[in-house]
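Asks: Got a structure here, written out as structure tokens. Questions coming.
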Amino acid sequence: MPTAAKLFAAVALALAGFFTGALVLQYLPGVAGGGRLPLTAASIGLLLGWQVIGRSVGRGMWLSAQAGMRAAVYLVILVLFFLGTLQMIRWSVRMRYDGPFEALTDIVGQGLDMGAAALQPDVLIVLFLGGALAGIASEWAHRRWV
């Protein structure tokens, strides 16, 4: 059921994803789909905010902030999987793989390589602070309009 808390969580995590994606671009040059990374991260953040943070309201600010940081971890995992898949498709078109199994297993490798390159303090601060603020905003909206 749509609630104000879910809406606030979705919008806030989408904003956190957008800003984190824009910040990460400087550490990932030449990544497939890199120009669309902020919008992709915002889209995934919108869905995760609604589903993960929006369901955890009503238990206090601290638990909502924790749910926001958990959603931020999910956001990283899904975005890295998406980027790894795009990179794998780009490389498979250039015939760099010997078979489909090698291409599918390389999705994880590509995602881990990009994740390691983007593992910077400023990116982590924006990501987890944004996730925590998304949880707090969701809890605030729940208290305000329930």
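Asks: If the Cβ limit is 6 Å and pairs must be 6+ apart or interchain, which residue in segment 119-134 that is of a type in the set (Phe, Trp, Tyr) pairs with which residue that is part of a helix (DSSP H, G or I)?
Replies: PHE128/MET69; PHE128/ALA72
Residue-by-condition table, conditions (1) outside any helix (DSSP H, G or I); (2) within 13 Å of the chain's Cα centre (by Cα); (3) under 20 Å from ALA116 (Cα atoms):
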site	(1), (2), (3)
ALA12	no, yes, no
GLY17	no, yes, yes
GLN26	no, no, yes
PRO29	yes, no, yes
PRO38	no, yes, yes
ALA41	no, yes, yes
GLY45	no, yes, no
VAL52	no, yes, no
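Asks: Another question, if that's okay. Please find, among ALA67, ALA22, the residue that is crowded, with 16+ Cβ neighbours inside 10 Å and out of contact with any Phe, Trp or Tyr (no Cβ under 8 Å at 6 or more places or on another chain).
Replies: Details: ALA22 fails: crowded, with 16+ Cβ neighbours inside 10 Å.
Going through ALA67, ALA22 in turn, just one is crowded, with 16+ Cβ neighbours inside 10 Å and out of contact with any Phe, Trp or Tyr (no Cβ under 8 Å at 6 or more places or on another chain): ALA67.
Asks: Further question: Determine which single condition GLU139 fails, assuming it passes every other condition in (1) crowded, with 20+ Cβ neighbours inside 10 Å; (2) acidic (Asp, Glu); (3) not in a helix (DSSP H, G or I).
Replies: Condition (3) is where GLU139 drops out.
Asks: Here is a follow-up. Can you tell me how many residues in segment 87-116 are under 16 Å from the mean Cα position of the chain (by Cα) and either modelled with pLDDT under 90 or surrounded by 15 or more Cβ atoms within 10 Å (Cβ to Cβ) (or both)?
Replies: 3
Okay, residues lined up against (1) at pLDDT 95 or above; (2) under 14 Å from ALA137 (Cβ atoms); (3) surrounded by fewer than 20 Cβ atoms within 10 Å (Cβ to Cβ):
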{"site": "ALA10", "(1), (2), (3)": "yes, yes, no"}
{"site": "GLN26", "(1), (2), (3)": "no, no, yes"}
{"site": "PRO29", "(1), (2), (3)": "no, no, yes"}
{"site": "ARG36", "(1), (2), (3)": "no, no, yes"}
{"site": "GLY54", "(1), (2), (3)": "no, yes, no"}
{"site": "VAL79", "(1), (2), (3)": "no, no, no"}
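Asks: Filter segment 38-51 down to residues that are of a type in the set (A, V, I, L, M, F, W, C) and without any contact (Cβ under 8 Å) to a residue 40 or more places away in the chain and give me whichever is surrounded by the fewest Cβ atoms within 10 Å (Cβ to Cβ). Please lay out each step first, then the result.
Replies: Quick first cut of segment 38-51, residues of a type in the set (A, V, I, L, M, F, W, C) only: 39, 41-42, 44, 46-48, 50.
Those still in the list that are without any contact (Cβ under 8 Å) to a residue 40 or more places away in the chain too: 39, 41-42, 44, 46-48.
Values: LEU39: 15, ALA41: 27, ALA42: 21, ILE44: 23, LEU46: 19, LEU47: 17, LEU48: 26.
My answer is LEU39.
Asks: Would you mind stating whether ARG70 is at pLDDT below 95 and either within 14 Å of LEU133 (Cβ to Cβ) or basic (Lys, Arg) (or both)? Full working, then the answer.
Replies: Values: at pLDDT below 95: no; either within 14 Å of LEU133 (Cβ to Cβ) or basic (Lys, Arg) (or both): yes.
When the stated conditions are applied, ARG70 does not pass them.
Asks: So, ARG96, is that one out of contact with any Leu (no Cβ under 8 Å at 6 or more places or on another chain) and not in a helix (DSSP H, G or I) or not? Steps first, please.
Replies: On the way: out of contact with any Leu (no Cβ under 8 Å at 6 or more places or on another chain): yes; not in a helix (DSSP H, G or I): yes.
Judged against the criteria, ARG96 is a match.
The values are calculated or read from the model by the stated rules, or taken from the named source; none is laboratory data. As the structure is a prediction and not an experimental result, all values here were calculated from the model. Note: ideal-geometry Cβ built from the backbone for every residue, glycine included; neighbour counts use all protein chains shown.
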